[in-house]
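The values are calculated or read from the model by the stated rules, or taken from the named source; none is laboratory data. Here the structure is a predicted model, which is why all the values come from computation and not from measurement. All Cβ positions, glycine included, derive from the backbone under ideal geometry; neighbour counts span all protein chains shown.
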Amino acid sequence: MSETFILIPGRTSKQGCGISEGKFTEGYQSEINLLQVSPRDMQRLALAEGERVRLTSETGAIEVAVTAAKGDELPPGLLFIAYGDLSSRLMGGDTHGSGMPTSKGLDVVLEKIG
Amino acid sequence: MTSSLFKIAGGTVYDPTNGVDGQVRDLWIADGRIVAAPTDPTVRPERTLDASGMVVMPGGIDMHCHIAGPKVNVARKMRPEEKRVAEKVMRTATTHSGTMGSVPSTFATGYKYAGMGYTTAFDAAIPPLAARHVHEEFDDTPCIDKGFYVLVGNNHYIMRAIQEQEPERLKAFLGWLLSAAKGYAPKIVNPGGVEVWKQHQGGNVHSLDSVVEHFDVTPRQIIRGIALAAEELKLPHRMHIHANNLGLPGNWTTTLETMKALEGHGGHLTHIQFHSYGGGDGDEDTFNSKARELAEYVNSHPNITIDVGQVMFGKTTSMTGDGPLGYYLSNVYKSKWFSSDTEMEAGCGIAPIEYKNKSLIHSLQWAIGLEWYLMVEDPWRVVMSTDHPNGGSFMAYPQIVRLLMDRTWRNDVLKTVNPLVLERSSLGDLDREYTLNEICIITRAGPAKILGLKHKGHLGVGADADITIYTPHDNKEVMFELPRYVIKAGQMIVELGEIRDPVRGKTLHVSPDYDHGVEADIADWFEKYYSIRFRNYPVTEDYMHEHETIACEE
Amino acid sequence: MSIATKKNTAPDPSLKIVQDATCTFCGCVCDDIDLSVKDDHIVEAKRACVLGKSWFFNHHTDTRPNCLISGQPATIADGVERAAQILAGAKYPIIYGLSDTTCEAQRVAVGIGDWIGGNVDTTTSVCHGPSGMAFQGVGEVTCSLGEIANRGDLIIFWGSNPAESHPRHFTKYSLMPKGMFLPNGRKDRTCVLVDVRKTKSAKAADIFLQIKPRKDFEALWVLRALAQGLELDAASIEDETGVPLSAWQDLMDRMKRAKFGVILFGMGLTMTRGKHLNSEAVLALVRDMNAYTRFVAKPMRGHGNVTGADNVVSWQTGYPFGVNLSRGYPRFNPGEYTTADTLARGEADAAMIIASDPMANFSQAARTRLAAIPYIALDPKETPTTRAATVAFTTATYGINTPGTVYRMDDVPIPLRPAFDSPHPSDFEVLSQLERRVKQLKAAVRIG
């Protein structure tokens, strides 16, 4: 299967703490390598907690583990990931004359792997 | 230890403080100061500058400008559009690059003041919460000595002390605050009005006796309370006043009331041009000059000094600690608008503006400024200013000199402005022309005296060796815009506008004696309402690089 | 990580107490932290939030070399020499980062940019740079954070999630404080959150409006229209924004009723399609609201001294970020002189990265370029950027090891109170040495 979503990369407390703890620590790495999916989308797509998926944007592709977003934090159709190496790989280099690449609200295609 | 002797020989010296009016004299310099000529005729200076045929004056002093701190820096960020077309300040092997426009970058500010023969400048409106920022910018503003005035006219602690009738507490607080900020003088901006602006849509006070809600005080009480405290603290520059109702038609009565509210105490009314308007209700048909009425009051009241706030035609940026004024101007000009309120202390308004010589209002503003220079009889009590950048850039000073010294040219310019000016002001009837000595008074000797700077503004023994040397020219604008040499603390820093030695310059501040017992009360109040800690508020010594504490004494 | 939270009262003589220390992790710049320091470890950080505690507890002294050249330990002097040669010899050198260091260091860094005729840009360009551009268009009505604490009775967070990014903002500045005109604190305020997802900040809000992603601009203009009293089509407004018109009208009624309204906006606006136009819509709306009541806006700035970086770059060059000095004077053009662009387009041929991690945070095209050119990195921590640097300096941590000045998100300058010394030099020290050497090299070129 493959389906289009809108991806919101953003800050989290764990990601913020991880910057101080060190970017090569496990805590930081696991936080930025985790994709939040709304529980309804998890169920609909039969995604299991920790299952790896492929996300592809106009610019890049990553593989990442999924987790169900808490409660109603995420509406269906939206994905969330903590800022970091992986989220940046999906971001384009063009800033449309603003200096700021479009870093939130990215169109991505989600595919199950295997 | 005496450093090498430096002699400026044979110049035509103007030193009004010491009664020297265009006489040929030698000046001797050592250790950055003027020294007496050696009595031993065999002593030779290590260096001599032949100034024969040239005009020698003390370095210029701008006692009211906006050159550093949060408001100025916001204006820099806000106006990229004017910099791209402005003069470029190029990097050299020893000087930084910079940008001009109405709000130059820090390095450019220092270089340009010095290039024009000014060696001292005071920023006129700093919220003490941002004092640290100003000291940082000052450190990047080379070539000139500088200081700043601390905004106090809407300070909550002061208004509370007035409300509770505690003049001693007010005095101690003022002493503490000036010391904490490492500032130079108390500044009142639209007393009480900024606090009302913070409380209400479009809020302001409208007369000296309007009541400021919550604090239950009036502008008149604020002015009087601070004037008294400043006098008892023996501040070298008592109080710098931006009166209520700036820019509004009919505001001259408020200005007159403000002068009266001083009740004989010393006070400096700044950019008085903006406060000298007749007429009413924003009606262009009634707007007129009341400079004569106000100047008569000033002429008969020696406790009052003024600077003008001359308007010059062209584009500039309005910036003020008067929040409601910024709102008013942005609505008049439909321009972009910045406003920022500082907790417990102050406000701020910024908007781009353009003064047009076809506009009756702008032409009158221009004329009223000139009336003020020409109507105040005692040049020691009127100071040249554009309220940079509000009326125009400090770079316009040479042009103002020419307007004052050359009646023919002044009348030529008068013919190019809105013709109704001839009816609504008396500029056309004024034929006074300033002498070089009087120019020297209103640009250096006078401001030094008003600021209580005993070692500046003159060339007597012991004075700072801040000296500007001009090549005489019939066109006084040409003469004053490009001095031949500028010497700062004995160092040659500028030749023909080019920076030779970008010295750092020092910060001038006061440290008045006050009752330290008040600090516990301030701390309690502070921790309750401020968003930073009391301990982190005062500017510590390590922010002061080269600096000098100016004594508080009679 | 070892955190000893002692509750016993006997003072430990080996414990050093630093009162009212300043946390520089985020733009809140809390200056009320009481640190307990033992053996070059901070063992307690009273009043710090979760991010602040992590900041204070994880910057120990370490034994990493002060300098690495191509991954090999080197002296600082050798590192400075190599760095100076790289920067002075480049055709289009860029300086980037700066938001996590002191103003004292920033001032030197901008000076270096001037002497080498390079580019100076800060992390502002990928944070609230778009808000800075919006500000240049319409201005801004704003205030210091204490004004919000003392007067703000309607607090709107838009596209920002302070619960995770600025944890003490609620308690210290915006929601909980009992202010001069709000004696009952939280009870006297209404809090509204507008976001595309129901973030952890929603718990703190009285009203949550979940808008459709990438529709901030449209939603803000709905409010601008309602402020003017224009009639809007309910069906299309809800379809467009995801929120019923009645909810927008209710919000506008509250905004007009408020005595002192506040919009605190985050990167949900600046990083999303529309960027500076989104920020401009907020700033214009807030300006409009001042015809009805008092209203202010403030961007929620992220890094501890990103606001200082804006200030320093502005006072030295006249422009806030994205400044080019190659013609001998400052020019400004976001999109041209901003780092995401100069790298992604392959223009920069050398770089100095100060306290920032573009190797993790930039687009692939930008990273590829940075990896291909010689560059210098200064950072207290090891990051993907320091690992790939030609010259990497391990520097002391600002606020923990070094004094200096930082500017809070509302431009209030705050001093730092370091807790203990670092074996590493400060950014200021390294940059000062580098500035001297670069000036020498450039002067030699001029003469030669």
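For the stretch B:160-195, what are the residues that are basic (Lys, Arg) and surrounded by 24 or more Cβ atoms within 10 Å (Cβ to Cβ)?
Correct list: B:Lys182, B:Lys187.
Would you list the helices (runs of 4 or more DSSP H) that sit entirely within the stretch B:423-532 and hold 1 or more residues that are within 30 Å of B:Pro128 (Cβ to Cβ)? Break it down stepwise before answering.
On the way: elements: B:436-440, B:446-451, B:476-481, B:519-529.
Answer list for the stretch B:423-532: B:446-451, B:519-529.
Restricting to the stretch C:185-199, count the residues that are of a type in the set (Val, Ile, Thr) and closer than 20 Å to C:Arg151 by Cβ.
Initially, the stretch C:185-199 is screened for residues of a type in the set (Val, Ile, Thr), giving C:190, C:192, C:194, C:196, C:199.
Now restrict to residues that are closer than 20 Å to C:Arg151 by Cβ: C:190, C:192.
Selection size over the stretch C:185-199: 2.
Check C:Pro423 against each of (1) part of a strand (DSSP E or B); (2) farther than 21 Å from C:Ala309 by Cα and name the one condition it does not meet.
Failed condition: (1).
I'd like to verify a number: residues in the stretch C:79-94 that are crowded, with 24+ Cβ neighbours inside 10 Å and within 23 Å of C:Pro65 (Cβ to Cβ), how many?
Number of matching residues: 5.
Can you work out which of the residues in the stretch B:269-313 that are within 19 Å of B:Cys65 (Cβ to Cβ) and free of Cβ contacts under 8 Å to residues at least 40 places away in the same chain is surrounded by the fewest Cβ atoms within 10 Å (Cβ to Cβ)?
The extreme case among them is B:Leu269.
Being touching an Asp or Glu at 6+ places or on another chain (Cβ under 9 Å) and facing chain C (nearest Cβ under 7 Å): is that true of A:Gly77 here?
No, not satisfied.
Could you give every pair whose Cβ atoms fall below 7 Å, whose first residue belongs to the stretch C:202-214 and is assigned by TED's automatic domain parsing to the domain that holds C:Asp153, and whose second residue is polar (S, T, N, Q) and not in a loop (DSSP other than H, G, I, E, B), counting only separations of at least 6 or pairs across chains?
Between residues of the stretch C:202-214 that are assigned by TED's automatic domain parsing to the domain that holds C:Asp153 and residues that are polar (S, T, N, Q) and not in a loop (DSSP other than H, G, I, E, B), the close pairs are C:Asp206/C:Thr190; C:Ile211/C:Thr241; C:Lys212/C:Thr241.
Any idea how many residues of the stretch C:42-51 are farther than 20 Å from C:Lys381 by Cα, in contact with a strand residue (DSSP E or B) (Cβ under 8 Å, 6 or more places away or on another chain) and not in a strand (DSSP E or B)?
Going through the stretch C:42-51 one residue at a time, the tally reaches 2.
In this structure, is B:Ala351 farther than 27 Å from B:Glu81 by Cβ and either within 14 Å of chain C (Cβ to nearest Cβ) or hydrophobic (A, V, I, L, M, F, W, C) (or both)? Outline the logic, then answer.
Working: farther than 27 Å from B:Glu81 by Cβ: no; either within 14 Å of chain C (Cβ to nearest Cβ) or hydrophobic (A, V, I, L, M, F, W, C) (or both): yes.
So B:Ala351 does not fit the description; no.
So how many residues does the stretch C:173-214 have that are aromatic (Phe, Trp, Tyr), assigned to a loop (DSSP other than H, G, I, E, B) and under 19 Å from C:Ala247 (Cα atoms)?
Looking only at that region, the number is 0.
For the stretch A:31-43, does any single residue satisfy the condition of being away from every other protein chain (no Cβ under 14 Å), assigned to a strand (DSSP E or B) and of a type in the set (Val, Ile, Thr)?
Within the stretch A:31-43 (the criterion being away from every other protein chain (no Cβ under 14 Å), assigned to a strand (DSSP E or B) and of a type in the set (Val, Ile, Thr)), the answer is no, since none of the residues qualifies.
Report yes if some residue within the stretch B:113-121 is more than 8 Å from every other protein chain (Cβ to nearest Cβ), more than 23 Å from B:Tyr543 (Cα to Cα) and modelled with pLDDT under 95; otherwise report no.
no
Restricting the search to the stretch A:89-104, which residues are crowded, with 21+ Cβ neighbours inside 10 Å and within 16 Å of the chain's Cα centre (by Cα)?
Matches in the stretch A:89-104: A:Leu90, A:Met91, A:Thr102, A:Ser103, A:Lys104.
Anything in the stretch B:147-157 that is closer than 16 Å to B:Val196 by Cβ and touching a strand residue (DSSP E or B) at 6+ places or on another chain (Cβ under 9 Å)? List them, or say none.
Scanning the stretch B:147-157 gives B:Leu151, B:Gly153, B:Asn154, B:Asn155.
Which residue is farthest from the chain's Cα centre (by Cα), if the candidates are limited to the stretch C:98-121 and must be closer than 17 Å to C:Tyr398 by Cα and within 14 Å of chain A (Cβ to nearest Cβ)?
C:Asp100
Tally time: how many residues in the stretch B:231-267 are among the polar types (S, T, N, Q) and at positive phi? Give the steps one after another, and end with the answer.
Taking the stretch B:231-267 as the starting set, the residues that turn out to be among the polar types (S, T, N, Q) are B:244-245, B:251, B:253-255, B:258.
Keeping just the survivors that are at positive phi gives B:245.
The total comes to 1.
Could you say which residue among B:Glu546, B:Glu541 is on the phi < 0 side of the Ramachandran plot, surrounded by fewer than 15 Cβ atoms within 10 Å (Cβ to Cβ) and touching a strand residue (DSSP E or B) at 6+ places or on another chain (Cβ under 8 Å)?
One residue alone meets the criteria, B:Glu546.
Inspect the stretch C:164-172 for any residue being assigned to a helix (DSSP H, G or I), facing another protein chain (nearest Cβ under 10 Å), in contact with a Cys (Cβ under 7 Å, 6 or more places away or on another chain) and not polar (S, T, N, Q) and give the result as yes or no.
yes
May I ask you to say which residue of C:Gly328, C:Gly335, C:Gly346, C:Gly322 is within 11 Å of chain A (Cβ to nearest Cβ), more than 22 Å from C:Gly308 (Cβ to Cβ) and touching a Ser or Thr at 6+ places or on another chain (Cβ under 8 Å)?
Working: C:Gly328 fails: within 11 Å of chain A (Cβ to nearest Cβ); C:Gly346 fails: touching a Ser or Thr at 6+ places or on another chain (Cβ under 8 Å); C:Gly322 fails: more than 22 Å from C:Gly308 (Cβ to Cβ).
Result: C:Gly335 is the single residue among C:Gly328, C:Gly335, C:Gly346, C:Gly322 that is within 11 Å of chain A (Cβ to nearest Cβ), more than 22 Å from C:Gly308 (Cβ to Cβ) and touching a Ser or Thr at 6+ places or on another chain (Cβ under 8 Å).
Suppose the filter is assigned to a helix (DSSP H, G or I) and away from chain C (no Cβ under 11 Å); does A:Ser20 pass it?
no
Which numbered condition trips up C:Ile76, out of (1) more than 13 Å from every other protein chain (Cβ to nearest Cβ); (2) touching a Cys at 6+ places or on another chain (Cβ under 6 Å); (3) over 16 Å from C:Asn401 (Cβ atoms); (4) of a type outside the set (D, E, K, R)?
Tallying (1) more than 13 Å from every other protein chain (Cβ to nearest Cβ); (2) touching a Cys at 6+ places or on another chain (Cβ under 6 Å); (3) over 16 Å from C:Asn401 (Cβ atoms); (4) of a type outside the set (D, E, K, R), C:Ile76 fails exactly one: (3).
Between A:Gly99, A:Gly71, A:Gly93, A:Gly105, which is of a type outside the set (A, V, I, L, M) and more than 7 Å from chain C (Cβ to nearest Cβ)?
A:Gly71
Just the residues that are under 20 Å from A:Lys14 (Cα atoms) and under 11 Å from the mean Cα position of the chain (by Cα), please, taken from the stretch A:68-88.
A:Leu79, A:Phe80, A:Ile81, A:Ala82, A:Tyr83, A:Gly84, A:Asp85, A:Leu86, A:Ser87, A:Ser88
Regarding C:Cys143, is this residue under 19 Å from the mean Cα position of the chain (by Cα) and within 30 Å of C:Lys178 (Cα to Cα)?
yes
Are any of the residues in the stretch C:406-414 of a type in the set (Asp, Glu), in a helix (DSSP H, G or I) and within 14 Å of chain B (Cβ to nearest Cβ)?
No, every residue in the stretch C:406-414 fails to be of a type in the set (Asp, Glu), in a helix (DSSP H, G or I) and within 14 Å of chain B (Cβ to nearest Cβ).
If you check C:Asn305, C:Asn290, C:Asn311, which single one turns out to be farther than 20 Å from C:Gly266 by Cα and either touching a residue at least 40 places away in the same chain (Cβ under 8 Å) or within 9 Å of another protein chain (Cβ to nearest Cβ) (or both)?
C:Asn290
For the stretch B:122-159, how many residues are surrounded by fewer than 24 Cβ atoms within 10 Å (Cβ to Cβ) and without any contact (Cβ under 8 Å) to a residue 60 or more places away in the chain?
Looking only at that region, the number is 1.
Among the strands (runs of 3 or more DSSP E) contained in the stretch C:52-122, which hold 3 or more residues that are in contact with a Phe, Trp or Tyr (Cβ under 6 Å, 6 or more places away or on another chain)?
Strands (runs of 3 or more DSSP E) meeting the threshold: C:119-122.
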